[in-house]
Amino acid sequence: MKPPEIQLPEGMLPRFGETPEQVAVALADAVAEVLEARLAQAPRASLVVSGGSTPLPFFKALSEKALDWQRVDVLLADERWVAEDDPASNTQLVKAHLLQGKAAAANYLSLKQQGATPLEGLKAVKAELANLALPLDVLILGMGNDGHTASLFPDAPELADAISADCPDRVAAATPPSQSQQRITLTWPALKDARFTALHLKGQDKLETLEQALANPSDVMAMPVRAFLQPGLNVFWSP
């Protein structure tokens with residue numbers, strides 16, 4: 001396969017592969033290495049993942065890694081405010097595909113708590129995450145073709161606060177009109193300093209979206225993923 005003709009800025013690390021499975025294994029290897037090293041230094045390690053179909057092969061590969069999973073806190077970067085048995089629930093996805101096998105012993109921190117809306121449940125979510133140490137150890141992000149990542153959507157009325165360096169909260173409600181469900185998301189200050197951050201992408205359309213984001217990196221409100229396009233970012237991509 002001819003490598004994609006995209007020039008990443010200096011300091012961003014391309015990890016491109018020929019198949020989704022190949023990239024998933026490479027990402028799982030990298031994440032396991034970071035977690036293992038962190039667990040050798042600290043009592044616990046954190047792993048933040050994203051939902052959707054792209055990470056499923058990565059979840060499977062990572063779940064088979066022989067880590068001390070009992071000391072790993074797993075959570076989503078964002079979640080739809082739906083019941084766990086709803087097909088749209090990313091919690092259901094993570095439990096079915098990542099928290100299996102060896103990884104079943106991990107400690108899962110759920111962003112979906114009681115309450116009819118994310119705002120109603122916000123206090124409970126904050127309590128769930130109260131003991132989560134920052135900075136995060138591993139952060140795996142996805143990206144939509146509108147330039148959103150986590151639930152930092154361009155049209156979310158909460159975006160300006162959630163992406164502000166002065167935001168005091170780890171989580172925020174997100175109610176973008178473009179989406180059929182309300183959401184809860186980690187904020188930019190909670191995400192930005194992760195020790196290892198990867199952007200996990202699949203498909204030519206995502207490559208084109210990434211190129212668009214890189215073309216005007218300062219306009220973060222238009223494409224919030226731009227806030228993460230910094231030196232040290234690992235870009236894992238497959239066709």
Residues located in region 22-34, provided they are open to solvent by 70 Å² or more (accessible area, probe 1.4 Å) and in contact (Cβ under 8 Å) with a residue 40 or more places away in the chain: Gln22
Hits in region 79-96 - residues which are farther than 20 Å from Val34 by Cβ, under 16 Å from the mean Cα position of the chain (by Cα) and surrounded by 18 or more Cβ atoms within 10 Å (Cβ to Cβ): Glu79, Arg80, Ser89, Asn90, Thr91, Leu93
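Before we move on, is Pro168 over 14 Å from the mean Cα position of the chain (by Cα) and closer than 27 Å to Arg38 by Cα?
Details: over 14 Å from the mean Cα position of the chain (by Cα): yes; closer than 27 Å to Arg38 by Cα: yes.
Considered against the rule, which asks whether it is over 14 Å from the mean Cα position of the chain (by Cα) and closer than 27 Å to Arg38 by Cα, Pro168 comes out as yes.
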Residue selected from region 138-158 under the condition assigned to a loop (DSSP other than H, G, I, E, B) and within 19 Å of Asn234 (Cα to Cα), by the criterion most open to solvent (accessible area, probe 1.4 Å): Asn145
Enumeration of residues in region 1-57 that are among the polar types (S, T, N, Q) and more than 20 Å from the chain's Cα centre (by Cα): Gln7, Thr19, Gln41
Residue list for region 35-78, restricted to those being charged (D, E, K, R) and buried (at least 23 other Cβ atoms within 10 Å of the Cβ): Asp78
Every pair of residues 6+ apart whose Cβ atoms lie under 7 Å, when the first sits in region 5-16 and is open to solvent by 60 Å² or more (accessible area, probe 1.4 Å) while the second is assigned to a strand (DSSP E or B) and among the β-branched types (Val, Ile, Thr): Leu13/Val235; Pro14/Val235; Arg15/Val235
Single unsatisfied condition, Val171 versus (1) open to solvent by 30 Å² or more (accessible area, probe 1.4 Å); (2) under 30 Å from Trp69 (Cβ atoms): (1)
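The values are calculated or read from the model by the stated rules, or taken from the named source; none is laboratory data. Note that the coordinates shown come from a computational prediction; the quantities given were computed from them, not determined experimentally. Neighbour counts run over all protein chains shown; Cβ positions are idealised from the backbone, glycine included. SASA here: full protein model, heavy atoms, side chains in, ligands and nucleic acids out. Shrake-Rupley method; radii C 1.70, N 1.55, O 1.52, S 1.80 Å.
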